[in-house]
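K.L.:
Please see the structure below; I have some questions.
Read-outs: derived from the displayed coordinates by stated rules, not from any lab. What you see is a predicted model, and the numbers here were worked out from it, not measured in a lab. With ideal geometry, Cβ positions are generated from the backbone for all residues, glycine too; neighbour counts draw on all protein chains shown.
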Amino acid sequence: MRLPVLLVGLLTATLHAISPAPTSSIKAGFAERDITPDIGMEQPGGYGKSFHRAFHDPCKVRVALFDDGKKTAVVIGLDSLVVPRQVVLDARAQIEKATGISGDAVLIGASHSHSSGPVGMVMPGEYDGASDLVKKLAYEESSSADPGYLLRLTHEIVAGVVAANQSKVPVQLGCGFGHEDKVSFNRRLRMKNGQSWSHPGAGNPEILEYAGPIDPQVGVIGAWDLQGQLVGVVVNFACHATTNPGGISANWIQYLEKTIRGGLGTQAPVVFMQGACGDITQVDNLSPNQRPKPEEWSQLVGGRVGAEAIRVLLSMPKISAAPIETRQEVLKIKRRPPSAQRVAKSLEIASKPRVAGDSTDFLFAKEILMLDHLNKTTPVVDCEVQCIKVGPVCFVSDPAEYFVQYGLDIKKGSHHAFTFPCELSNGIVGYVPTEEAFGPHGGGYETRLTAYSNLEITAGTQMAKKGVELANQMSAEPKPEAPKAPPFSQPWTYGNVPPELE
């Protein structure tokens, strides 16, 4: 009975002896750094001030670095609400000085975690030249970035890239798409009055249907060293990070990481790049069921996306060559100015003492006055579109809370096998809805005019067209395929027999 086992063992050993050791022309390095804010710091994500009072889990800088021997490119995911443009420019300059990696090959994107550090919305000194009223509204009534935290964030981004560059090793890469359509929903709904509203409320009898699609694709890159050990993962998925499990947190991305690490028995870094999710959240406004509690919701979203990423990692073919190319262009896009009448009305509202209760009118009056100042100082905004190709994968960035339809348009227009739209990257320009959202059947929260969201109506189309244009300037690599089986020789002699009845 032991003879077949011994023969199998000898055969396996022989095959291993004659099989060539794997080689690769692509190197990769992964790293993570801590950017957890302190208790008491501002919690960003709203139009007013809120402060962290508890800790749940760490926030991180997550770095994936790829080197094909000729060019190096870096993709960085931050557990943060946004990434200010100046942080990007400063980090790129320091990265280039420390490593020699060109700044135009560094993509820095935020996960949009609403439970992270104070990176916005008002920048230090941004309103120093405004009237006393507007300065008060900006600095005392609005969510504000902490200058010390911004310096720390920049430092840790650079340190993460240096660490990833120092740890890079030859790897085999895998890439693929999974499918997860049970945790993300378009938060804009068509209403009986002909408009589209954001979060109109579960059970609202005026709802007709979703006003837009979702993007269920889970984009995944895996990197294994030549001994077969997983060294890092990149995941791209479109869903707001607003599950807020309670306190400072990477949000549902924490459970994405835990699921992948636990399922594969690894501590490899997991780099999350947020997809086009300006109108996509975990909230299903058409569901009749009670919503999960925040912790459960975080586990649900992160767990399901992570489980799908594992499925893709386990089944993806691996490649040992991945040419790298990059493209970059900064678009100059105008703001939408508020009318003089609206500015006057907002001044009237914001000049009065703030009263208890519903503060919607005050908050958006405040925003109009702040926007009026920005239109006088910076009426045109830099909007960087960047493409980074790593083999068959193309990352396409935009600096917006970008409507999902634009992400789908970019994927459709790109000739690359796997295209990963990365919103909130290399700067922040607020919500950028589709042009349809500004039409007669549009409306909703994302179209409101604020100091945060104010670009001209065609901004999203301009970014999408430029993203496809830049992506398609780079050569497309073939989609990886599994190795083919050897030619047929003979059937298994144990099994090529008729039924034995006696």
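K.L.:
From the phi of every residue in region 339-354, what ³J(HN,Hα) in whole Hz does the Karplus formula 6.51 cos²θ - 1.76 cosθ + 1.60 yield, where θ is phi - 60° and glycine or proline is x?
P.N.:
Residue by residue, region 339-354 yields 5, 4, 5, 6, 4, 5, 5, 5, 4, 5, 6, 6, 7, 7, x, 6 Hz.
K.L.:
Between Glu140 and Leu286, what is the label-point separation in nm under the 7 Å Cα-to-beta-carbon projection?
P.N.:
4.7 nm
K.L.:
Work out the charge dipole of the chain with +1 on the Cβ of Lys and Arg and -1 on the Cβ of Asp and Glu about the Cα centre, then indicate which of Ala238, Val393, Ser113 is farthest towards its positive end.
P.N.:
Val393
K.L.:
Let me ask another. Which net charge results when you count Lys and Arg as +1 and Asp and Glu as -1 among the other residues whose beta-carbon is under 15 Å from that of Arg92?
P.N.:
Working: positive: Arg85, Lys97; negative: Asp90, Glu96, Asp104, Glu156, Asp382, Glu384.
Charge balance near Arg92 sits at -4.
K.L.:
Also, quick follow-up: Compute the distribution of all C-alpha to C-alpha distances in region 97-196, in bins of 10 Å from 0, and list the percent of pairs in each, rounded to whole numbers.
P.N.:
Spelled out bin by bin, region 97-196 gives 10, 23, 25, 27, 12, 4 percent.
K.L.:
Moving on to the next point. Rounded to the nearest Å, what's the spacing between the alpha carbon centres of region 73-96 and region 458-489? Just the number, please.
P.N.:
Result: 25 Å between the Cα centres.
K.L.:
Of Lys97/Lys465; Lys332/Lys366; Lys389/Lys412; Lys192/Lys411; Lys168/Lys318, which ones are farther than 28 Å apart at the Cα?
P.N.:
Numbers: Lys97/Lys465 32 Å; Lys332/Lys366 26 Å; Lys389/Lys412 16 Å; Lys192/Lys411 32 Å; Lys168/Lys318 18 Å.
The pairs that break the limit, which is 28 Å between Cα atoms, are Lys97/Lys465; Lys192/Lys411.
K.L.:
Kindly write out, for region 220-233 in residue order, the coupling ³J(HN,Hα) from the Karplus curve 6.51 cos²θ - 1.76 cosθ + 1.60 (θ = phi - 60°), rounded to whole Hz, with x marking Gly and Pro.
P.N.:
Each residue of region 220-233 in turn: 9, 10, x, 10, 10, 6, 6, 9, x, 8, 5, 10, x, 9 Hz.
K.L.:
So what is Rg over Rh here for the chain, counting just Cα atoms and using Kirkwood for Rh?
P.N.:
Working: Rg = 25.1 Å, Rh = 24.1 Å.
Rounded to two decimals, Rg/Rh equals 1.04.
K.L.:
Quick check on the chain: of the DSSP beta bridges with both residues there, what percent are antiparallel, nearest 5%? If you can, show how the numbers build up before the last one.
P.N.:
Details: 60 of 80 bridges.
Once the DSSP bridges in the chain are tallied, antiparallel ones form about 75 percent.
K.L.:
Taking 0.36 nm per intervening residue step and subtracting the Cα-Cα distance, what contour gain separates Arg448 from Ala21 on full extension? Write down the numbers at each step before the final one.
P.N.:
Working: separation 427, 0.36 × 427 = 153.72 nm, distance 5.86 nm.
Result: 147.9 nm gained on full extension.
K.L.:
Here is a follow-up. Can you tell me the FRET efficiency between Gln166 and Lys97 if r is taken as the Cβ-Cβ distance and R0 is 22 Å, rounded to the nearest 0.05? Don't skip to the end; give the middle numbers.
P.N.:
Numbers: r = 15 Å, r/R0 = 0.70.
With a Förster radius of 22 Å, E is 0.90.
K.L.:
If r is the Cβ-Cβ distance from Lys376 to Asn472 and R0 is 45 Å, what FRET efficiency results, to the nearest 0.05?
P.N.:
Working: r = 38 Å, r/R0 = 0.85.
It comes to 0.70.
K.L.:
Peptides 180-189, 426-435: what's the order by average Cβ count within 10 Å, highest mean first?
P.N.:
Working: 180-189: 21.6, 426-435: 24.2.
Most protected by this proxy first, the peptides run 426-435, 180-189.
K.L.:
I would also like to ask the following. Take peptides 233-245, 46-58, 89-101 and line them up by average Cβ neighbours within 10 Å, highest first, as a rough protection proxy. Before the final figure, lay out the partial values.
P.N.:
Working: 233-245: 26.4, 46-58: 14.7, 89-101: 17.5.
Averaged packing, sorted descending, gives the order 233-245, 89-101, 46-58.
K.L.:
If you wrap a convex hull around the alpha carbons of region 415-479, what volume per residue comes out, as a whole number of Å³? Intermediate values should be presented prior to the final figure.
P.N.:
Values: hull volume 7.0 nm³, N = 65.
With only Cα atoms used, region 415-479 gives 107 Å³ per residue.
K.L.:
Restricted to Cα positions, what overall size does region 398-444 have along the principal axes? Three whole-Å values, descending.
P.N.:
Cα spread of region 398-444 along its principal axes, largest to smallest: 36, 24, 10 Å.
K.L.:
When DSSP assigns beta bridges and you keep just the ones with both residues in region 334-441, what percent turn out antiparallel, to the nearest 5?
P.N.:
Working: 5 of 12 bridges.
The antiparallel proportion sits near 40 percent.
K.L.:
Go through Ile310, Gln328, Gln290 and say which Cα lies farthest out towards the positive end of the charge dipole of region 289-368; charges sit on Cβ, +1 for Lys and Arg, -1 for Asp and Glu.
P.N.:
Sorting the options by dipole projection puts first Gln328.
K.L.:
Also: How would you order 202-211, 272-281, 133-142, 353-362 from highest to lowest mean count of nearby Cβ atoms within 10 Å?
P.N.:
Working: 202-211: 13.8, 272-281: 27.6, 133-142: 18.0, 353-362: 10.3.
Final packing ranking: 272-281, 133-142, 202-211, 353-362.
K.L.:
With +1 on the Cβ of every Lys and Arg and -1 on the Cβ of every Asp and Glu, and nothing else charged, how large is the dipole of the chain about its Cα centre, in debye rounded to the nearest 20? Intermediate results must be reported in sequence, preceding the final value.
P.N.:
On the way: 47 positive and 52 negative charges, 60 e Å.
Taking the Cα centre of the chain as origin, the dipole is about 280 debye.
K.L.:
For the chain, what does -39500 (n - 2.57) per DSSP helix run (n ≥ 4), summed and divided by total residues, give at 222 nm, in deg cm²/dmol to the nearest 500? Present the calculation step by step, with values, prior to reporting the outcome.
P.N.:
Numbers: 10 runs with 149 residues, N = 502.
Calculated mean residue ellipticity at 222 nm is -9500 deg cm²/dmol.
K.L.:
Please state, to two decimals, what the Cα-based radius of gyration of region 147-268 comes to when divided by 2.2 N^0.38 Å (N = residues). Present the calculation step by step, with values, prior to reporting the outcome.
P.N.:
Working: Rg = 19.9 Å, N = 122, 2.2 N^0.38 = 13.7 Å.
Cα-based Rg divided by the globular estimate yields 1.45.
K.L.:
Can you tell me the length gained on complete extension of the stretch Lys484 to Leu501, counting 0.36 nm per residue apart and subtracting the Cα distance? Numbers along the way, then the final one.
P.N.:
Values: separation 17, 0.36 × 17 = 6.12 nm, distance 3.74 nm.
Between Lys484 and Leu501, full extension yields an extra 2.4 nm.
K.L.:
Once you place label points 7 Å from the Cα toward the Cβ at Thr266 and Glu329, how far apart are they in nm?
P.N.:
Modelled inter-label distance: 3.6 nm.
K.L.:
Please compute, for the alpha-carbon atoms of region 350-467, the extent along each of the three principal axes and give them in descending order in Å.
P.N.:
58, 32, 23
K.L.:
Got a sec? Charge dipole of region 415-502, +1 on Cβ for Lys and Arg, -1 for Asp and Glu; which of Val468, Gly427, Asn496 is way out at the positive end?
P.N.:
The residue sitting most towards the positive pole is Gly427.
K.L.:
Go ahead and run the numbers for FRET between Thr461 and Ser339, Cβ-Cβ distance against an R0 of 30 Å, rounding to 0.05. Mind dumping the intermediate values first?
P.N.:
Values: r = 24 Å, r/R0 = 0.79.
The formula returns an efficiency of 0.80 here.
K.L.:
P(r) for region 21-135, please, calculated from all Cα pair distances in 5 Å bins and given in %.
P.N.:
2, 10, 16, 18, 15, 13, 10, 7, 4, 2, 1, 0, 0, 0
K.L.:
Using only the alpha carbons of region 145-195, what is the convex hull's orientation-averaged projected area in square nanometres?
P.N.:
On the way: hull surface 34.2 nm².
Its average projected convex-hull area is 8.6 nm².
K.L.:
Tell me the Kirkwood radius of region 244-386: reciprocal of the mean inverse pair distance over distinct alpha-carbon atoms, in Å. Write out the running numbers ahead of the final one.
P.N.:
Values: mean 1/r = 0.0492 Å⁻¹.
The Cα-based Kirkwood calculation yields 20.3 Å.
K.L.:
How far is it, in nm, from the label point at Trp492 to the one at Asp34 when both lie 7 Å from their Cα along the line to the Cβ?
P.N.:
Distance between label points: 5.2 nm.
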